[in-house]
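Scroll down for the structure; my scribbles are underneath it.
Here, each number is a calculation from the coordinates, and none is a lab measurement. In this text, all values refer to a predicted model and were calculated from it rather than measured experimentally. So basically every Cβ, Gly included, is an ideal-geometry build from the backbone, and we count neighbours across all protein chains shown.
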Amino acid sequence: MVRVAALQMTSGTEPGPNLEALAVLAREAAAEGAVYALSPEVTNVFAKDRDGLKSTTWPWENSPTIAQCSAIARETGLHLHVGSLVVARPDGRFANRSVLFGPDGAVTATYDKIHLFDATLPDDREYRESATYAGGDSAVVGEAAGMKLGLTICYDVRFPALHRALAEAGAEVLAVPAAFTVPTGEAHWEILLRARAIETGCYVIAAAQAGQHENGRATYGHSMIIDPWGRIVGQLGGEDAGVLVADIDLKAVAEARGRVPALANARQFSLSVNPTGAL
């Protein structure tokens, strides 16, 4: 059994208060016996625009944000998984980077968000993550507190192939830090998370941003922990910061995969597209 925590936040536009809030939640998780804690996407800064990011983020090397997160991990003794930090890149764009710290404060794994949300919504609002962020190109399985951990970020949850690849590489737990909008959260959040758990036979730990933010955005919240059978072990609400703690039994991963061996039964196949219907 491993006691884990999902930290739900309402990050603002300045790193200082956000990291102070992270420290408070991490201490609470540790006090409740958690050995691993996951925070949401954009933990360090939820900026209003690109200029806001430029004034509040640093490059990876010698970043004070990394130093502060490392200090929180050391203080609490947690495997602290900062769901994502915004990191300045030399090319003027940013990395949306998940960072896993060991209890000694050392960085043990990083992952840059692969799938970027570029879309025009029905009300003509446009989201172009690729204009601000550089997408990653490598999937990552790390280790924390005896768990093999598949790293993802937010929009990645809509791409089953990534999660299958992580499970096939040995992941037992999928980390899903997010900042879902309220409309998409209401429609899809729970369904997507439970689907990823069921199809991979993994636990899913989903830490979300929640409530009304300083940048004018509203996020869905409802951080969840889901077992490999797709059952919701625990869930927070949609408005406030908080800590969700649960005990997970890694034996349940093998049990679920034994009952429905979808990973083992998968086969390679070819695809033929014949629009005319002719043979």
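General observations
- Cβ-Cβ FRET estimate between D124 and M1, R0 fixed at 41 Å, reported to 0.05: 0.25
- Cα shape, segment 2-259, gyration tensor, a/c 1.5 rule: rounded
- Set of aspartates and glutamates near K251 by C-alpha distance (under 19 Å), chain-local residues within fewer than 8 positions excluded: E143, E168, E172, E199, D227
- Computed packing ranks the peptides 34-43, 80-89, 120-129, 139-148 as 34-43, 80-89, 139-148, 120-129, most packed first, by mean other Cβ atoms within 10 Å.
- Highest-first packing order for the peptide set 200-212, 228-240 is 200-212, 228-240, based on the mean count of other beta carbon atoms within 10 Å.
- Taking a straight Cα-Cα cut-off under 16 Å and skipping sequence neighbours fewer than 8 places away in the same chain, the aspartates and glutamates within cross-link reach of K48 are E14, E126, E129, E214.
- The lysines within cross-link reach of K54, meaning a Cα-to-Cα straight distance under 20 Å and a gap of 8 or more places when in the same chain, are K113.
- Between W229 and D137, the simple spin-label model (points 7 angstrom out along Cα→Cβ) gives 4.3 nm.
- Sites E214 and R158 - FRET efficiency at Förster radius 45 Å, r taken between beta-carbons, to 0.05: 0.95
- Spacing of the modelled spin labels on V107 and I191, each 7 Å from Cα toward Cβ, amounts to 3.7 nm.
- For the peptides 251-259, 161-169, the ranking by mean Cβ contacts within 10 Å, running from highest to lowest, is 161-169, 251-259.
- Extension gain, E75-E61: 0.36 nm per intervening residue step, less the Cα-Cα distance, totals 2.9 nm.
- J(HN,Hα) series, segment 245-256, from Karplus relation 6.51 cos²θ - 1.76 cosθ + 1.60, nearest Hz, glycine and proline x: 10, 8, 8, 10, 10, 5, 5, 5, 5, 4, 5, 5
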